[in-house]
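First comes the structure, then the notes that go with it.
Coordinate-derived values only; no laboratory data. These numbers were taken from a predicted model, which means no experiment stands behind them. Glycine gets a Cβ as well: all are built from the backbone with ideal geometry, and neighbour counts include every protein chain shown.
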Amino acid sequence: MLHTEVNTVHKVVICGVDTNTLPKLGKEQIDALIVRIKNGDCAARDELAKANIRLVLSIVHRFGNKGNSDDLFQVGMVGLMKAIDNFESRFNVRFSTYAVPMIIGEIRRFLKDSTGIKVSRSLRDTAYKVLRAKEEIERTRQTVPTAVEIAEEIDLPVKEVVCALDAVSEPVYLQEPVYNDGEEGMILEEQIGDGKNTEERWTDSISISDAIAALPEKERKVLVLRYFYGKTQTEISAQIDISQAQVSRLEKNALSKMKAYF
């Protein structure tokens, strides 16, 4: 459990551990711990994990309002442990350099899996194929490929490539901070303007929907066909197999009830 003592990522208490007391390890100390970990030393594994809690917290902080900080911290720690277990000194990079993308990847997977938007396995498989082709083209041609170039590379319709990339793209949250000239401004939700659909119009739209839903089935059907689909009374009478006079009567009754509703 993550408990913030001060409104900053630099001083927090996690399971009773004050991060101000956590050790800061140099490269030589980390290399020595890695050797011990590879020899099965569990204490060394715990020591390296504890020393990198700040790293996980800094990454969790970057995700802002995208999820519960406790959950993101736990998922980030899973990514850290995977990095510890898979790191090799022969990689010739700093441990933190290796760990950061693994922690970020773990958090992103968690956020993607926990979203209400579900993507089919076949579409995910296509997306991974597209992403691999994109990376390969970028590596060999030193340019960012278009959807058309990717489609030609893997022999898929352009539409499938675009849909696949869209399916696995990271969602943009309405609470995402908007930055202006390097300074934090308002959140995205506050920056989205819609001169047509004002708050008053949204309220009216909801009220109209409620009023229509309260009508008897036949009156509701006549009203929808008349005003949403633009059909004449003659066309409606033919469609629902009643006389035009009945259509006119149902329409008048429906409009009267809606006026009374407001």
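Values computed for the structure shown
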{"item": "Virtual spin-label span in nm between residue 246 and residue 120, 7 Å along Cα→Cβ", "result": "4.2 nm"}
{"item": "Residue-wise HN-Hα coupling along segment 25-41, computed from phi with Karplus coefficients 6.51, -1.76, 1.60 (Hz; x: Gly, Pro)", "result": "9, x, 4, 5, 5, 5, 4, 5, 5, 4, 4, 5, 5, 5, 8, x, 7"}
{"item": "Over 18 Å (Cα to Cα) - which of 231/259; 27/50; 134/159; 82/134 fall in this group", "result": "231/259; 82/134"}
{"item": "FRET efficiency estimate (nearest 0.05) - Cβ-Cβ, residue 140 to residue 166, R0 25 angstrom", "result": "0.50"}
{"item": "Spin-label pair residue 253/residue 239, simplified geometry with 7 Å Cα→Cβ offset, distance in nm", "result": "1.9 nm"}
{"item": "Where Rh is the Kirkwood radius over Cα pairs, Rg/Rh for segment 30-146", "result": "1.05"}
{"item": "Protection-proxy order for peptides 232-243, 248-259, each taking the mean of Cβ atoms within 10 Å per residue, highest first", "result": "248-259, 232-243"}
{"item": "Protection proxy ranking of 211-219, 129-137, 52-60 - average other beta-carbon atoms within 10 Å, highest first", "result": "52-60, 129-137, 211-219"}
{"item": "FRET E, pair residue 109, residue 227, Förster distance 41 Å, beta-carbon r, rounded to 0.05", "result": "0.30"}
{"item": "Alpha-carbon gyration tensor eigenvalues x 5, square-rooted, for segment 121-170, Å", "result": "17, 11, 9"}
{"item": "Theoretical gain in end-to-end length, residue 94 to residue 218 [0.36 nm per residue, Cα-Cα removed]", "result": "37.5 nm"}
